[in-house]
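The values are calculated or read from the model by the stated rules, or taken from the named source; none is laboratory data. Predicted model only: the values in this text are computed from it and were never measured. Virtual Cβ from ideal backbone geometry, glycine too; neighbours counted across all protein chains shown. Surface areas here come from the heavy atoms of the whole protein model, side chains and all, with no ligands, DNA or RNA. Shrake-Rupley method; radii C 1.70, N 1.55, O 1.52, S 1.80 Å.
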Amino acid sequence: MKPEEKARQKIDKLLESAGWKVQDYADLNLGASLGVVVRDFPLQSGFADYLVFVGRKAVGVVEAKPEGTTLSGVSEQTEKYLRGLPDTIPHVGDVLPFAYESTGVETFFRNLHDPDSRSRRVFAFHRPETLSEWLGQGDTLRARLRNFAPLSTEGLRACQVEAITNLERSFAEAKPRALIQMASGSGKTFAAVTFVYRLIKFANAKRVLFLVDRNNLGKQTFQEFSQYRAPDDGRKFTELYNVQRLTSNAVDPVSRVCITTIQRLFSMLKGEPEFAAENEEISVFEIAPSKNEKPVEVSYNAQIPIEYFDFIITDECHRSIYHLWRQVLEYFDAFIIGLTATPSKQTLGFFNQNLVSEYGHERAVADGVNVGYDVYRIATEITHRGSEVKAGFYVDKRDKMTRKTRWELLDEDLAYDASQLDRDVVAKDQIRTVIKTFRDRLFTEIFPGRKEVPKTLVFAKDDSHAEDLVEIIREEFGKGNDFCKKITYKTTGETTDALIAAFRNSYYPRIAVTVDMISTGTDIKPLECLLFMRDVKSRVYFEQMKGRGSRTISPTDLNAVTPDALHKPAFVIVDAVGVCESDKTDTRPLESKRSIPFDKLINSVALGTRDKETLSSLAARLARLNVQIDEKERTELETAASGKPLTRIINELLDVVDPDKQLEKARELFKTETPSAEQIKKASEEMSKNACSLFDDPKFRNTLLDIKKRSEQTIDTVSKDEVAFAGFDKQSATKAKLMVDSFKEFIEKNKDELTALQIIYSKPYGQRQLTYESIKQLADAIKKPPYNLTPELLWMAYLQLEKSRVKGVRPQKLLTNIVSLLRFAVGAADVLEPFSDIVNTRFDEWLFSQEKMGRKFTTEQKEWLNMIKEHIATSLSVGLNDFENVPFNQKGGAIKAYQLFGQELNKIMEELNTVLVK
């Protein structure tokens, strides 16, 4: 079978899955279904691989290509089939709107009704009902995204205004992904609810998916939607639109907003009828991929087609985005918006470096949106160095799962280091010493003068460690159960929601111990202290954890929970493990030698390298290769390995670095239940020898390298590119100087002839009133030979010669920019900047001076003043006649202007005409 025939088989299956009837031209039956796709349809321009019909009318084309074909260059071929269909074939429009190119593995789609339409990658084909719905719409979603109403800034912080404004600009440019960075506590969710409201109201978004890190954050997000009031309507969001927080695997078809976790979404795509709620309690930050874990694979689900959501919002789902769950997001033909306080490199890469808003913790503290923090360090000997228990002492042996304890007499010394604390070894006095020190210094050094224990969150290593902490905190503070509570996903009795609510709003508990339940997202405003009893290697996760303490709170609300707290100027991190000093990374991958090329990694093993990092990195590379190769290559590799499957090779490498496997092998080799360290070492060497023997064979290595080259292409989503040089060469600079000199020569020769030049040179400064007609005369004059100049050419010339004094690389193409050029050329201005920027600055100064003198303007008056300013920026003046034109006539024209400003209208226009164009 030829490659294109294989591709067509896959394409047929994709089309049928999406609800299309696929037919041969000889079996044409357009009444068989709403959506019919006809293979090899004869047209004047040739045979269309697939002609797409909806409701018996041709609406688009699918161009089939063999797997591996790069599709970006195929659109021109597709387009020739979209144009000029004969009248004998019922069709939509002069040009069919829907264009697909597909290999069966990769599919591109373009809607020619979109403004500046361009192809985009889609997981599968859209359903016939969807194309029919799109045809019935007056304009497309991407067209509607260019026509948002002005943003009402009332009740929004400046950072929220910036985020929403820049995001809508990104939408207008049809950028598929955008990332908003806003510090914890600065109102990310409120900003998100605001732009979701605008997407539904002004862009008629069909459905928005809001993904959260875990279940309790879903409840928090639903609450935010429930409390939001529309600025232009006054009603609550949930009174206007249906919002659903998914508690089952079914989406209500009338919902405009769906809130869930990515874990449940994947379960739904797999077609599972139910998904256990407890699976949504663990933070995605805590789910580190296991050594052999592959990214989840998603198949098409007709019940949840790719167009089901128009927009997807991911709230702090870092690891899910760039590793395990990425394909779940990329399944949908939707815009993806990320919300984060701490973007990692991988997150920025996933969002195509499109960071539309950047509002970090430092700016948030400066603006009073967050509070800063101080670090109080507690270090103990055991915490730092570990300890040793001599043989002959009794120790407790506790089962990690059941916590059942037994005594055991040590028959040899037990030495442990800091990394084993609370994992392999629990040193009760280490915990007790830290807690006693915290207690004793709490009111003298950490919170001097206070008497009430501030709301404190303790981060534990795991649930068992949390149990020990709760017990010792209660003992050392001499308090009851209400004083200190454990809040983890394993908490029983009280619900975690009730515990979090009590910690947030009630006097008790004063101290909460958690592993991950309150580590990200959860809002606890009265929190004044974070006690770290665990280290954190992920920079992103650590910033999230710190964010729990950064929320601001009013003195009244704080005093209601902590009676002796007057205000919250900062929070305190009590660092008992050196978490603030340890190195942080964006992630902790299995592969620790990413920079070493695959061939060098294999050769190093062949030469005898057997360290843990090398073998685990090799296993990781082979596991990735195992996903990418086909059956033919798998067989070829297995033959070269003397019949050993690749999965077995990978597992043998991983066994070498697995301590439990080493112990098991030592027991087997030396026939003892308690092998010595030396025996374990010998067993490890034996396992390493067996696992790596294959790599001694050059035939196997070469086969592996050959298949690797054929099967893998690296897609770099981590690196952020930077411009090394962008400028003009010497020849261009010479040309630019000639152009500027020519302009100055023109000014000198014509300063007594042209009105604009006469005004600049002759009239007193306060009387220099330029008109649009005068600058039009000037522009026409410099355009004529021998000068052949335009404002745009002159601007670029000045940019080359005096870059430091030029603002705006390519200003908006407005004739009024010639005013800026003229003033700069004659020395009346030190900086060349777009005329509209000058007008904006002068307008803001004028408005400020008016309000300072007691002249207050209403919101509606300010809207009119802004329209007048914009008109002056493009036309140099405004008069009553202008009020009969757009946009003034859409707001009531001259009559409305007189109603708003009364007798002051003419005076205001005269002032603005003078002040803004002086």
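Annotations for the structure displayed:
- Glu911 sits with roughly 50 Å² accessible to a 1.4 Å probe, with DNA, RNA and ligands left out of the calculation.
- Shown are Arg842, Arg83, whose ranking by accessible area with a 1.4 Å probe and every protein chain present, most to least, is Arg83, Arg842.
- Cross-link check: pairs Lys21/Lys270; Lys803/Lys856; Lys2/Lys699; Lys13/Lys644 evaluated at a Cα-Cα cut-off of 29 Å; pairs beyond the cut-off: Lys803/Lys856; Lys2/Lys699; Lys13/Lys644.
- The largest accessible area among Met268, Met853 belongs to the first residue in Met853, Met268, and the rest follow in falling order (1.4 Å probe, all chains).
- Column: log10 I(q)/I(0), Debye, Cα scatterers of the chain, q = 0.04, 0.05, 0.08 Å⁻¹: -0.27, -0.43, -1.03
- Efficiency of FRET from Cβ geometry, Asp844 and Thr238, R₀ 51 Å, rounded to 0.05: 0.85
- Using the Cβ-Cβ distance between Ile895 and Glu133 with R0 set to 45 Å, the FRET efficiency from 1/(1 + (r/R0)^6) comes to roughly 0.60.
- Translational diffusion of the range 227-283 was estimated from the Stokes-Einstein equation, with Rh taken as the Kirkwood radius over Cα pairs; at 37 °C and 0.692 mPa s the coefficient is 255 µm²/s.
- DSSP bridge orientation in the chain - percent antiparallel, rounded to nearest 5: 35 percent
- Restraint check, Lys852/Lys907; Lys455/Lys568; Lys188/Lys568; Lys345/Lys612; Lys682/Lys708; Lys461/Lys546, Cα-Cα greater than 23 Å: Lys345/Lys612; Lys682/Lys708
- Peptides 257-263, 783-789, 605-611 ranked from most to least packed by the mean count of surrounding Cβ atoms within 10 Å: 257-263, 605-611, 783-789.
- Relative contact order [Cα under 8 Å, 6+ residues apart], the chain, whole percent: 7 percent
- The portion of the accessible surface of the chain made up by carbon and sulfur, rounded to a whole percent, is 48 (1.4 Å probe; DNA, RNA and ligands excluded).
- Relative to the Cα centre, the charge distribution of the range 837-918, modelled as +1 at Lys and Arg Cβ and -1 at Asp and Glu Cβ, gives a dipole magnitude of about 180 debye.
- Computed [θ] at 222 nm, helices only, for the chain once each DSSP H run of length n ≥ 4 contributes -39500 (n - 2.57): -12500 deg cm²/dmol
- Over the range 57-126: Kirkwood hydrodynamic radius from C-alpha pairwise inverse distances, Å: 12.4 Å
- Antiparallel %, DSSP beta bridges [both residues in the range 168-283], to 5: 10 percent
- Per residue value of the accessible surface for the chain (all protein chains in place, 1.4 Å probe), Å²: 49 Å²
- With all protein chains modelled, accessible area of Leu85 [1.4 Å, Å²]: 20 Å²
- Dipole axis of the chain (+1 Lys, Arg; -1 Asp, Glu on Cβ), positive-most option in Tyr787, Asn885, Val52: Tyr787
- Each residue was assigned an accessible area with a 1.4 Å probe, and for Leu240 the value is about 50 Å².
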